Amino acid sequence: MADLICKKEVFDIVGAAMAVHRELKNGFLEAVYGDALSVEFKEENIPFEREKALPVYYKGRLLNKKYFADFVCYDSIILEIKAAESLLPEHEAQLLNYMHVTHTKVGILINFGEKSLKYRRLIL
């Protein structure tokens, strides 16, 4: 079996999200989980940028519209968080679009809205 890309980094990010979910459970707004995750990332020394602007190009031209990723961790992993009843195909499509425009290979989609934390690791 081939080694997973960014295996340790993804493990650390998901572990931080699990710590947040253990403490807060489900039921809060996405912004609350984002704030709590920022605290957890700092405590665990996980490098991150929050609400990072992602430029979008068309035919080599920079468009006015930008995407904003919830988090970019380790300068190489896009993290999108949700607080929904369940993860939906459009949540995954959103993350894949972010990954595509930035040429990022690894993305994580995390949902704090369910009784148990749910996550998906996406690879381009």
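Points to keep in mind about this one:
- Rough spin-label spacing in nm, given labels placed 7 Å along Cα→Cβ, for N64 and F11: 4.7
- For the pair V32 and A53, the difference between a 0.36 nm per residue extended length and the Cα-Cα distance amounts to 5.6 nm.
- Non-local lysine pairs in the chain, meaning eight or more places apart or on different chains, with alpha-carbon distances under 21 Å, amount to 22.
- Stokes-Einstein D for the chain, Kirkwood Rh over Cα pairs, 20 °C, 1.002 mPa s (µm²/s): 145
We did not get these values from a lab; they are worked out from the coordinates using the rules stated. A quick note: this is a predicted structure, and the numbers were derived from the prediction, not measured. Positions of Cβ are generated from backbone atoms using ideal geometry, with glycine treated the same way; all protein chains shown enter the neighbour counts.
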